[in-house]
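The values are calculated or read from the model by the stated rules, or taken from the named source; none is laboratory data. Treat the numbers as computed from the prediction; the structure is a model and nothing was measured. Here the Cβ is made from the backbone with ideal geometry for all residues, glycine too, and neighbour counts use every protein chain on show.
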Amino acid sequence: MLAVEKNALSEEIESYVNKYGNDRSSLLMILHEIQKKHRHISEFAQQEVARLLNIHPVEVYSVISFFAFLNSNPKGRNLVRICQTISCDMKGKKQVVEAIERELGIKIGGTTKDNKFTVEYANCLGLCDMGPAMAINDRVYTNLTPEKAVELLAKVK
Amino acid sequence: MEAIIFNPKEKRRSGPVIFSEYKRGDAIRKILTMSREDILFELKDSKLKGRGGAGFPTSTKWMLTAAAKSDKKFIVCNADEGEPGTFKDRVLLSEYPELVFDGMVIGGYTIGAQQGILYLRGEYEYLLKPLEDYLEEMRKDNLLGNNILGKEGFNFDIYIVLGSGAYVCGEETALIESLEGHRGEPRNRPPYPINTGYLGKPTCVNNVETLCAVTHIVMKGGSWFAKFGTDKSTGSKLFSVSGDCEKPGVYELPWGTKVSELLELVGAKNTKAVQIGGASGICIPKSQFDRTIAYEDIPTGGSIIIFNESRDMLHVLKNFMEFFVEESCGQCTPCRIGNYKLLEGVEMIERGEYTFSYINKLKDLGRTMQVTSKCGLGQSSPNPFISILENFRDEIFNRPNGGRNGR
């Protein structure tokens, strides 16, 4: 990481700390902002958060490792999450997943070579009445068919 | 195809209680003429119980928090619905935010809290911005902020915290832990949040639907609310219906509705089984469809998943156990290891490599988990294992070739 990038990231994290307060109870929202922008929370970012909140970096890491939506290793530029819970499962989740796997040439849990997509399972997205459902980044799509799901991915930049 | 629209303007739903008429701010205007005791009496009359699933009497929770002495108190709205098959909070927050937020303001007034926190599950991130805008509108109308509607000293505001995809954070002490910036691991109880909650201050954690009910109770009275439902289960319940039926969605029905009536209403045909209460609930077969959904018989947080004759119940059970293995926080041994063992048992049955004596041991393990796990997750996760293996044993243990992959 270049020194300029480090500085920029530090400044960014400082702005989040200013927004949410330098108290430990702001941690989750701060991590959320970093995750949203960078798709992961790097070691350096964790250290910066820890420094600004005056806690040990391992405390920050322990929170990141606990939550499914926070991660310290980089993922693809776009995160695709397919609901695997029973209602979506019954409505044809498997076919949707297989179509996506074939189309992108990766298995679930993997990242495409061009780093464009990471595809994962998610537990209940709360869209059980409109399954199968998936989320691409923070947008959700419902009543999928294998074809529709692949079309949606094709539209992603 | 992008399905979820934040649209509180157009009301298309109707129901006896929650989905009945209400205009933003009306209940807040009304409480200004009431004392805290009046509100608590109305709540007590209503016999409202917490809608998250545990069913603790709301009036008791509020009274205890109101009685706790502290310079600071909090009211938290638990919108971390993660139970498989539940989506009522999504509907309430995207279509009826006024009920939720007004309920929080009422709570703040009653228990003496100045700060409300909405804990929104990470999966509903798309609701964050519109809800924050909505709160801003409320501030402009002086329904939030200092001296609300001109009432001297009535200060209350709400902010939103986004969860990050952990089912266990629906448990109130785990939720509080994560609010404080820790791993979302449940605490030992007691002490209860009502006196030692967020930041060690008295904290009242209520489900989204509970707060919506409170808003209506304030407007129309506790005895009006108690007219609906049954003796011990007053009012109505929102049911999130999914699975094999023609009309999945959210339904508001009075407590005491029979399972068969619900099935008819949603257009379910050839139904073999109904999972009531989500993955941690129980699965009932056809022979029990005349049972009623109420605290007296089958209590539930509202998740209804319908399975028709074509469904493989062992596959259903496996899906549930995989869910619990992933979502167990790993803090206590019965839940961390127990769920894993139960899942292994399901896989053994699937492969046809089981003995009945071992399966019976696993059922015992399940019962041990129910009493020894630290929080509701591990206490309820063996429910589907026990109820599905019990109620569908003919189907499951007479699988062709001993297992699905038959060798």
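Right, A:Ile82: buried (at least 18 other Cβ atoms within 10 Å of the Cβ) and assigned to a helix (DSSP H, G or I) or not? No; evaluated as a whole, the condition is false for this residue.
Within the range A:122-132, the presence of at least one residue that is part of a loop (DSSP other than H, G, I, E, B), in contact with a Leu (Cβ under 9 Å, 6 or more places away or on another chain) and within 14 Å of another protein chain (Cβ to nearest Cβ) is confirmed. B:Gln379 meets each of the listed conditions (1) closer than 21 Å to B:Cys169 by Cβ; (2) buried (at least 22 other Cβ atoms within 10 Å of the Cβ); (3) not aliphatic (A, V, I, L, M) apart from (2). Scanning the range B:337-368 for residues that are assigned to a helix (DSSP H, G or I) and closer than 16 Å to B:Asp394 by Cα returns B:Val346, B:Ile349, B:Glu350, B:Phe356, B:Ile359, B:Asn360. Of the numbered criteria (1) in contact with a Phe, Trp or Tyr (Cβ under 9 Å, 6 or more places away or on another chain); (2) crowded, with 18+ Cβ neighbours inside 10 Å; (3) assigned by TED's automatic domain parsing to the domain that holds A:Asn137, the one A:Ile106 fails is (2).
Taken over the range B:222-244, residues that are within 18 Å of the chain's Cα centre (by Cα) and within 14 Å of another protein chain (Cβ to nearest Cβ) amount to 5. The numbered conditions (1) of a type in the set (Gly, Ala, Ser); (2) part of a helix (DSSP H, G or I); (3) out of contact with any helix residue (DSSP H, G or I) (no Cβ under 6 Å at 6 or more places or on another chain) are all true for B:Ala66 except (3).
Residue by residue, here is whether (1) touching a strand residue (DSSP E or B) at 6+ places or on another chain (Cβ under 7 Å); (2) of a type in the set (D, E, K, R) holds:
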| residue | (1), (2) |
| --- | --- |
| B:Val218 | no, no |
| B:Trp224 | no, no |
| B:Lys232 | no, yes |
| B:Ser236 | yes, no |
| B:Phe239 | yes, no |
| B:Asp244 | yes, yes |
| B:Glu252 | yes, yes |
| B:Val274 | yes, no |
| B:Gly278 | yes, no |
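If you check A:Val96, A:Val60, A:Val49, A:Val119 for being buried (at least 22 other Cβ atoms within 10 Å of the Cβ) and assigned to a strand (DSSP E or B), only one passes: A:Val119. Go through the range A:72-117 and give me each residue that's in contact (Cβ under 8 Å) with a residue 40 or more places away in the chain and among the hydroxyl-bearing types (Ser, Thr, Tyr). Correct list: A:Thr85, A:Ser87. Of all the residues in the range A:6-40, those that are assigned to a loop (DSSP other than H, G, I, E, B) and within 11 Å of another protein chain (Cβ to nearest Cβ) number 2.
Scanning the range A:45-58 for residues that are touching a residue at least 12 places away in the same chain (Cβ under 8 Å) and either at the interface with another protein chain (Cβ under 9 Å from one of its Cβ atoms) or within 12 Å of B:Arg183 (Cβ to Cβ) (or both) yields a count of 2.
Restricting the range B:86-137 to residues that are surrounded by fewer than 23 Cβ atoms within 10 Å (Cβ to Cβ), within 28 Å of B:Asp71 (Cα to Cα) and touching a Phe, Trp or Tyr at 6+ places or on another chain (Cβ under 6 Å), which is nearest to the other protein chains (Cβ to nearest Cβ)? Residue satisfying both the conditions and the ranking: B:Gln115.
Among the residues of the range B:294-302, not a single one is under 30 Å from B:Asn398 (Cα atoms), out of contact with any strand residue (DSSP E or B) (no Cβ under 6 Å at 6 or more places or on another chain) and within 14 Å of chain A (Cβ to nearest Cβ).
Scanning the range B:2-55 for residues that are within 14 Å of chain A (Cβ to nearest Cβ) and either surrounded by 19 or more Cβ atoms within 10 Å (Cβ to Cβ) or at positive phi (or both) yields a single hit, B:Ile4.
Checking the range B:253-276 against the condition returns no match, with no residue being among the aromatic types (Phe, Trp, Tyr), closer than 22 Å to B:Ser46 by Cα and out of contact with any Ser or Thr (no Cβ under 7 Å at 6 or more places or on another chain). Test of understanding: among B:Val316, B:Val274, B:Val241, which residue is within 30 Å of A:Thr142 (Cβ to Cβ), modelled with pLDDT of 95 or more and part of a helix (DSSP H, G or I)? After ruling out the rest, the residue left standing is B:Val316. Go through the residues of the range B:154-167 one by one and say whether even a single one is in the same structural domain as B:Val205 (by TED's automatic domain parsing), in a loop (DSSP other than H, G, I, E, B), farther than 23 Å from B:Glu327 by Cβ and not basic (Lys, Arg). Yes: one or more hits.
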